[in-house]
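*Asks:* Got a structure for you, questions after.
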Amino acid sequence: MRQLNLQREDFSEKEKRNIDILEILRKQGPISRPDISKEMGINVVTISNYIDEFIKHDLVYEKELDVSEGGRPPALLDLNPKAGYIIGVGLNLMNMVGLLVDLKGNIVTKTQIARPRASVKEIAESLLNIIREILRRSKEFETNLKGIGVGVAGLINKKDGSISWPQKMDNFYTYASVDLPLRSMLEKEFNLPVLIENDATSACFGEHWLDLERGYKNVIYMFSGVGCGIMINGTVYNGSHGFAGETAIDNYKEAGTFKCAPGNDCFIKRWETDLGIVSEVKSLLAKDKEAAGRFFKLTSSNIENVDLKSVFIASRSREQVALTVLDNAAKRLGIKIAYLVNLLDPEVVVIGGGLEEAGEDFLKRVNSTVKDWTFKEISEDLKIVYSQLRENSVALGAASIVMQRLFAQL
């Protein structure tokens, strides 16, 4: 297997500078050595030493000369996007996405399938198949592949790559320990280093690395109402065991002592990953045949196969059941976000994982609810936005974490 340690999360000072310089080149290139020096506050000689090493590894190249007033014009530098390629795979509320990206985060090829059922076996098989398909389409890049990043739900054990998977038993959820050694299984089949990361954490990192406006360092990425990715001072926060970001608590043994009155939501208990939208729509349609007829005609669905996508389609046509349910869900999500905003005081909250397809009314309701439920001093300048990476966010995020490790370990 090609040597790249994707499990290391702590970086030396030299590795941090590698990442920072290559990040400037990725985002701002072509750029001169003096401009990188000014950006980082490090003298040009030191910057040149790093750049020379990058050029030696074919990671950076010198481009056309800049125009300057008199004297020798400074050479411009840029990241070589073809110096390596990374596979990223991510699972969101509606599908599983597989990508091949270059070192600038450009998507070279993409494949996707409908979201597999929640069983570990089906998701593992889908992961294998989607990576095989990416490789089948990417023969010309095969010799320059650097690694695979996978973003999935659950509690990820960073030491051995095993997963505690959220599974529903009767009417409650539990995190079942999965014996499937996913990381070693993927590494063995594909002969590439593999990183397994939580879906929300992957998406949070990807949004910061690839898309968010420069300067945001304190971010919450809301991946449905079940989990979130957290970034503090520009660094993804994983917690002491790597499990930070779970937004719910549950104890099925004492469920009776923690019951909500009918109609009142328990905002700290676990929800369905889709905020309960599909089950609520089905319940309302079952009670109203006329509304059900309109909904099924608009979405080419029936009571058995109503899914999140069909609810979003119906809402875009202003179907009343879909609009009502999404408005309720947005308010519930807004209250949960408000709690996290008061706790963490972020600059921006990103909503993704599939919910970005819910439309502008949904986002407006989340925004207004957060304003209503937070301290004014905290939320006054807060931005709440949809993910710009959309359905690619988890896959791009997982690939971006691999890219960061690659930049560090030259």
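*Asks:* Ignoring everything but the protein chains, give the 1.4 Å probe accessible area of ARG183 in square angstrom, nearest 10.
*Replies:* Roughly 30 Å² of ARG183 is accessible to a 1.4 Å probe.
*Asks:* Can you pull a Stokes-Einstein diffusion coefficient for the range 264-405 at 20 °C (1.002 mPa s), Rh from Kirkwood over Cα pairs, as a whole number of µm²/s?
*Replies:* So the translational diffusion coefficient is about 131 µm²/s.
*Asks:* Could you give the nm distance between label points at SER317 and GLU125, where each point is 7 Å from its Cα heading toward the beta carbon?
*Replies:* In this crude label model, SER317 to GLU125 measures out at 3.4 nm.
*Asks:* Considering only the chain, what is the antiparallel percent among its DSSP beta bridges, to the nearest 5?
*Replies:* Beta bridges within the chain, antiparallel portion: roughly 65 percent.
*Asks:* Let me ask something additional. Let me know the whole percent of all Cα-Cα pairs from the range 333-410 that are separated by more than 17 Å.
*Replies:* Value for the range 333-410: 52 percent of Cα pairs lie more than 17 Å apart.
*Asks:* If you take every residue apart from LYS104 with its C-beta less than 10 Å away from the C-beta of LYS104, what net charge results, scoring Lys and Arg +1 and Asp and Glu -1?
*Replies:* That works out to +1.
*Asks:* Using only Cα atoms and rounding to the nearest 10 degrees, what angle (0 to 90) does helix 44-56 make with the longest principal axis of the chain?
*Replies:* Value to nearest ten degrees: 80.
*Asks:* Rolling a 1.4 angstrom probe over the protein chains, ignoring ligands and nucleic acids, what is the accessible area of ARG136 in square angstrom, nearest 10?
*Replies:* Looks like 140 Å² after rounding.
*Asks:* Here's another thing I want to ask about it. At a Förster radius of 35 Å, what calculated FRET efficiency corresponds to the Cβ-Cβ distance of GLU39 and GLU380, to the nearest 0.05?
*Replies:* Computed FRET efficiency for GLU39 and GLU380: 0.70.
*Asks:* How many nm is it between the label spots at ILE303 and ILE232, if each spot is 7 Å from the Cα in line with the beta carbon?
*Replies:* According to this spin-label approximation, the distance is 4.9 nm.
*Asks:* Right, next: Just to make sure I understand: if all protein chains stay in place, what is the order of LYS376, LYS336 by accessible area at 1.4 Å, largest first?
*Replies:* Heavy-atom accessible area, descending, gives LYS376, LYS336.
*Asks:* Rounded to the nearest whole Å², what accessible area per residue is found for the chain with the 1.4 Å probe?
*Replies:* Normalised by residue count, the accessible surface of the chain is 48 Å².
*Asks:* Restricting to lysines 8 or more places apart or on different chains, can you count the pairs in the range 317-410 with Cα atoms under 16 Å from each other?
*Replies:* The number of close lysine pairs in the range 317-410 is 7.
*Asks:* Top to bottom by accessible area (1.4 Å), largest first, where do SER317, SER400 land?
*Replies:* Descending accessible area places them as SER317, SER400.
*Asks:* Further, regarding this structure: Compute, for LYS371, the solvent-accessible surface of its heavy atoms (probe 1.4 Å) with the complete set of protein chains present, and express it in square angstrom to the nearest 10.
*Replies:* Accessible surface of LYS371 is approximately 90 Å².
*Asks:* Related question: Which label belongs to the value computed from this structure, given these candidates for Cα extents along the principal axes in Å: (1) 77, 58, 42; (2) 78, 50, 43; (3) 56, 51, 33?
*Replies:* Identified label for the calculated read-out: (2).
*Asks:* At ALA114 and LYS217, where each label point lies 7 Å from the Cα along Cα→Cβ, what is the point-to-point distance in nanometres?
*Replies:* Result: 4.6 nm between the two label points.
*Asks:* By how many degrees, 0 to 90 and rounded to 10, does the Cα axis of helix 13-28 deviate from the longest principal axis of the chain?
*Replies:* For 13-28 against the chain, the angle is about 80 degrees.
*Asks:* Relative to the longest principal axis of the C-alpha atoms of the chain, give the angle of the C-alpha long axis of helix 120-137, reported between 0 and 90° and rounded to the nearest 10°.
*Replies:* With both axes taken from Cα atoms, the answer is about 40 degrees.
*Asks:* Counting only protein heavy atoms and using a 1.4 Å probe, what share of the accessible area of the chain belongs to carbon plus sulfur, as a whole percent?
*Replies:* It is 49 percent, rounded to a whole number.
*Asks:* In the calculated pair distance distribution of the range 193-234, what percentage of Cα-Cα distances lie above 14 Å?
*Replies:* 45
*Asks:* Order 352-359, 46-53 from most to least packed using the mean count of other Cβ atoms within 10 Å.
*Replies:* The peptides rank, most packed first, as 352-359, 46-53.
The values are calculated or read from the model by the stated rules, or taken from the named source; none is laboratory data. Just so it is clear, the structure is predicted and the values come from calculations on it, not from any experiment. Ideal geometry is used to build each Cβ from the backbone, glycine not excepted, and the neighbour counts take in all protein chains shown. What goes into the accessible areas is simple: the full protein's heavy atoms, side chains included, and nothing from ligands, DNA or RNA. Shrake-Rupley method; radii C 1.70, N 1.55, O 1.52, S 1.80 Å.
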